[in-house]
Amino acid sequence: MSLTSNQTIFLLKEIGRTIEDNKTLLTELDGAIGDGDHGINMNKGFAAVVKKIDDMQTEDIGNILKTVGMTLVANVGGASGPLYGTAFIKAAVIVAGKKEINLDDFVKMMEEAIEGIKMRGKAALGDKTMLDALEPAYNSLNEAVKENLPAVDAFKKMTEAAFQGVKYTEEIAAKKGRASYLGDRSIGHQDPGAVSSYLILDTVYKTIKKMVQR
Ligand code: ADP
Ligand code: MG
């Protein structure tokens, strides 16, 4: 598997569409344990991203992802903006100067993205945040790549693990972010950031699956 700048832009636009389609869901989830703006925040951020990257086809993927990160930081008011923004900016460094990236690049990008989120938000696994979807997803992807699974199968494992991570957030109390103010009352609800992370990764899987079949 490899992705060109053009395909990366296509993938990011697909992510933008997924976020738009799930705006209400994300906002409702955040309404239950936060302040009810996660869908609005994410949609505002990705709508700005889609506009910004539209004419970046001739740029390298590092530049594209850096633009994504900076646009999210600048356009998303909530905690999730700087966190997702940092994730994309960190991932961008890994592929600086590259106009084509492969599965190994993607694994490294995801590792750096997660490190960036941890550095910025100081959360850990089990704190009921986006990390509870992202970390298991990364671990499954990494394992699948080490086992030499085809890219589409590896991405499928990744998205399945992210979904399990979302389910896990239902069972635990939030220790970071606004939901932590609720303590144990946050149990029984999915974490909105974990759901948005799952949706992003699931769109990566579905889009790459379509690209490979073409
Ligand atoms: P806000 O909480 O400022 O309203 P959002 O509603 O957009 O921002 O995002 C909330 C999501 O951000 C949470 O569901 C959680 O997944 C994520 N989040 C909040 N704080 C942290 C943190 N310190 N580390 C990682 N993720 C976090
Ligand atoms: Mg919120």
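Every number here is computed from the coordinates shown, using simple stated rules; none is lab data. Keep in mind that what you see is a predicted model, and the values were worked out from it rather than measured. Glycine gets a Cβ as well: all are built from the backbone with ideal geometry, and neighbour counts include every protein chain shown.
Specify, per residue and in Å³, the volume enclosed by the convex hull of the alpha carbon atoms belonging to the range 2-213. Could the numbers behind the result be given before it?
Values: hull volume 20.4 nm³, N = 212.
Roughly 96 Å³ of hull volume per residue.
As a check on your grasp of the helix formula, calculate [θ] at 222 nm for the chain: sum -39500 (n - 2.57) over DSSP H runs of n ≥ 4, divide by the residue count, round to the nearest 500.
Values: 9 runs with 152 residues, N = 214.
So the calculated ellipticity at 222 nm is -24000 deg cm²/dmol.
Mind checking which of ILE172, ILE89, ILE61 has the largest fluctuation in a GNM of the chain, springs on alpha carbons under 10 Å?
It is ILE172.
Putting +1 on Lys and Arg Cβ atoms and -1 on Asp and Glu Cβ atoms, find which of ASN142, PHE106, GLY81 reaches farthest to the positive end of the dipole of the range 50-155.
GLY81
To test your reading of the geometry: what angle, between 0 and 90 degrees and rounded to tens, separates the Cα axis of helix 38-53 from the longest principal axis of the chain?
20 degrees
Could you state the orientation-averaged shadow area of the convex hull built on the Cα atoms of the range 1-83, in nm² to one decimal?
5.5 nm²
Loop-only check: which GluC sites (Glu not before Pro) in the range 68-166 are DSSP coil with at most 14 other Cβ within 10 angstrom? Don't skip to the answer; put the middle values down first.
Numbers: sites: GLU100, GLU111, GLU112, GLU115, GLU143, GLU147, GLU160; in loops: GLU147.
In loop regions of the range 68-166 (DSSP not H, G, I, E or B), the sparsely surrounded GluC sites (Glu not before Pro) are GLU147.
Can you tell me the orientation of helix 131-146 relative to the chain, as the angle in degrees between its alpha-carbon axis and the longest Cα principal axis, to the nearest 10?
Around 40 degrees separate the two axes.
Between the helical axis of 23-33 and the dominant principal axis of the chain, each derived from Cα atoms, what acute angle in degrees is found, rounded to the nearest 10?
Here the helix axis deviates by roughly 30 degrees.
Which trypsin sites (Lys or Arg not before Pro) from the range 136-211 combine a DSSP loop assignment with at most 15 other Cβ atoms within 10 Å? Write out the running numbers ahead of the final one.
Numbers: sites: LYS146, LYS156, LYS157, LYS167, LYS175, LYS176, ARG178, ARG185, LYS206, LYS209, LYS210; in loops: LYS175, LYS176.
Sparse-neighbourhood loop trypsin sites (Lys or Arg not before Pro): LYS175.
If I model the range 15-138 as equal point scatterers sitting on the Cα atoms and use the Debye formula, what is log10 I(q)/I(0) at q = 0.14, 0.18, 0.19 Å⁻¹?
Log10 I(q)/I(0), no solvent term: -0.61, -1.01, -1.11.
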